[in-house]
Amino acid sequence: MQRYLRVLRQRAYALLWGGATVSSLGDGMTFVALVWLVLERGGGAAEVGWLGAAYSAPVIIGGLAGGLVLDRFDPRKVLIADNAIRGLVMASVPIAAALGVLTLPHIFLAAATYGLLYMVSGAGMPTILPRLLSGDELITANAMESISWSIGGLVGPVLAGLLIAVIGAPTVLAFDALSYGVFVACLLGMGPLPALVRSAAGRSALGGTPGVEGDAGPAEGGQVGSAPEVGSGPTDSKPAGRGLGPAVRFILGTPAVLAITLIYMTGNIGEGIFTVFAPIYVRDVLHGDAAVYGVVVSAFTGGALLGAVLVGALGWRWPLGRSIAAAVLAAGLVQGLLIFRPSLMPLVLVLAGIGLCSSCLTAWAQTIRMRLIPPELRGRVFAVLRTLMRGTPPLGSLLAGFLLAGGDITWAVLVATVLNVVPGAIGLVHPALSRAATGEAKSAPAPA
């Protein structure tokens, strides 16, 4: 707990994390409330499908554009604008419902706005963190980001279901709009971010002068660590440039970042398989209802939350790249136990174990990325990476439909297991995840 207390004593970070956590809880309620509004207005499976597409598909466009904006402007101000816009859009739904003018296109538009701007905060958080914290504090902070997501995913949908029955879906969206307002207030309370110290490539792009971007003066409680602010990726010879090209070149030219991204992308295909596999398993193997399905989904999230808490509290001294590979391999092996068709309680334990093994990946991977990505590229690189990783679960869902078409779960389990075990095993020995490649090897002191 000392590690959590140490980072939370830094006022700027505490406000950032607190606001993001409240907003994540609101996001966890949003989709449930939107689906219920569609059903209340006579929508069926087709309309809910269109809602899901509107909610998720714009992430690809918004994610790439958001990265450009985050590197061009002060990321704190960008997050303020993002949350203010999404809050107003969500607030428009209960207002329209109260006036009796709420329509399905209005609901779809609100969902599409959420998806379009989602990645702004998703990439904005890791863009800001290295300007507030340094060293081992980044591992704890990245674990706390996973905790925020887990809280939203575990508590949000359940809370939304309870509140819809009592106060109605429009009012639930009013709470979501309020959560955006809380995040905006926290971002305003942080004060200006510490000045951005550019890497050698960034200074070259500005004509050889020490580059400073963003507001002047450090935020209260914040500090700038020299190592995180100096990117060690292969950008020393060319200017950072504009557009997404430099971000793509950095990813392809940095073996550790590329390897971790590919591991995530293959693992997320397995996640997409699970989203289809889980309800089929509950219905056909457990012969359960929606309540059982809720327990099954929550088991994974509960394990992930526990793992994120542990990772943030521990002083991890093993190589982070190899640790990522080992965790992915372990998650795949535990996932393989599903082939024995466990009953409900063993199934809950298996899923909690998968979540426990998977939860540490974000904290470790984000820490490696923050060490390697040059400061002037962070917004674009994080946006591209997270957009790529969010793009693969739909592939898994389509693949699961084919694998489960015959009613047998065996092939779905085997494919999902292989998608974790093989990349994990390769990562244990591949040089791309060595200490040197991930920026953990001792080297010459970074420039002041």
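The values are calculated or read from the model by the stated rules, or taken from the named source; none is laboratory data. A quick note: this is a predicted structure, and the numbers were derived from the prediction, not measured. With ideal geometry, Cβ positions are generated from the backbone for all residues, glycine too; neighbour counts draw on all protein chains shown.
Things worth noting here:
- Filter result (within 17 Å of residue 415 (Cα to Cα) and of a type in the set (Gly, Ala, Ser)) within region 335-359: 336
- All positions within region 169-178 that are crowded, with 23+ Cβ neighbours inside 10 Å and either in contact with a Gly (Cβ under 8 Å, 6 or more places away or on another chain) or not assigned by TED's automatic domain parsing to the domain that holds residue 81 (or both): 176
- Out of 161, 181, sole residue that is within 15 Å of residue 16 (Cα to Cα) and either surrounded by 18 or more Cβ atoms within 10 Å (Cβ to Cβ) or touching a residue at least 24 places away in the same chain (Cβ under 8 Å) (or both): 181
- For the criterion of being touching a Cys at 6+ places or on another chain (Cβ under 7 Å) and either assigned by TED's automatic domain parsing to the domain that holds residue 314 or assigned to a helix (DSSP H, G or I) (or both), residue 34 fails.
- Selection count, region 385-437, where residues are assigned to a loop (DSSP other than H, G, I, E, B) and either under 20 Å from residue 341 (Cβ atoms) or among the hydrophobic types (A, V, I, L, M, F, W, C) (or both): 8
- Tallying residues that are surrounded by fewer than 22 Cβ atoms within 10 Å (Cβ to Cβ) and over 30 Å from residue 375 (Cα atoms) within region 63-105 yields 15.
- Restricting attention to region 84-112, the residues that are modelled with pLDDT under 95 and polar (S, T, N, Q) total 1.
- Yes/no for residue 311 being closer than 23 Å to residue 153 by Cβ and under 22 Å from the mean Cα position of the chain (by Cα): yes
- Flag if residue 341 is surrounded by fewer than 18 Cβ atoms within 10 Å (Cβ to Cβ), of a type in the set (Lys, Arg), closer than 21 Å to residue 142 by Cα and outside the structural domain of residue 138 (by TED's automatic domain parsing): no
Residue by residue, here is whether (1) in the same structural domain as residue 26 (by TED's automatic domain parsing); (2) in contact (Cβ under 8 Å) with a residue 40 or more places away in the chain; (3) in a helix (DSSP H, G or I); (4) under 20 Å from the mean Cα position of the chain (by Cα) holds:
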site	(1), (2), (3), (4)
54	yes, yes, yes, yes
81	yes, no, yes, yes
93	yes, yes, yes, no
117	yes, yes, yes, yes
121	yes, yes, yes, yes
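- Residue selected from region 1-48 under the condition within 14 Å of residue 156 (Cα to Cα) and touching a Pro at 6+ places or on another chain (Cβ under 9 Å), by the criterion surrounded by the most Cβ atoms within 10 Å (Cβ to Cβ): 33
- Condition check for residue 395: more than 23 Å from residue 305 (Cα to Cα) and either buried (at least 24 other Cβ atoms within 10 Å of the Cβ) or under 24 Å from the mean Cα position of the chain (by Cα) (or both): yes
- Within the set 3, 76, the sole residue that is farther than 20 Å from residue 168 by Cα, modelled with pLDDT of 90 or more, in contact with a Leu (Cβ under 9 Å, 6 or more places away or on another chain) and part of a helix (DSSP H, G or I) turns out to be 76.
- Test: residue 166 is surrounded by 23 or more Cβ atoms within 10 Å (Cβ to Cβ) and either under 19 Å from residue 25 (Cβ atoms) or among the small types (Gly, Ala, Ser) (or both): no
For (1) under 20 Å from residue 140 (Cβ atoms); (2) among the charged types (D, E, K, R), each residue gets a yes or a no:
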residue: 289; (1), (2): no, yes
residue: 296; (1), (2): no, no
residue: 300; (1), (2): no, no
residue: 319; (1), (2): yes, no
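- Listed by first and then second residue, the pairs with beta-carbon distance under 6 Å, at least 6 apart or on different chains, first residue in region 396-424 and assigned by TED's automatic domain parsing to the domain that holds residue 357 and among the aromatic types (Phe, Trp, Tyr), second assigned to a helix (DSSP H, G or I) and at pLDDT 80 or above, are 411/403.
- Pairs, first in contact (Cβ under 8 Å) with a residue 12 or more places away in the chain in region 330-346, second of a type outside the set (A, V, I, L, M) and loosely packed, with under 15 Cβ neighbours inside 10 Å, C-beta under 7 Å, six or more apart: 339/410
- Near pairs, Cβ below 9 angstrom, 6+ apart or cross-chain, from region 363-384 (over 12 Å from residue 139 (Cβ atoms) and outside any loop (DSSP other than H, G, I, E, B)) to any residue that is of a type in the set (Lys, Arg) and at pLDDT 90 or above: 378/369; 381/369; 382/369
- Options 244, 252; residue that is surrounded by fewer than 20 Cβ atoms within 10 Å (Cβ to Cβ), touching a Lys or Arg at 6+ places or on another chain (Cβ under 7 Å) and of a type outside the set (Val, Ile, Thr): 244
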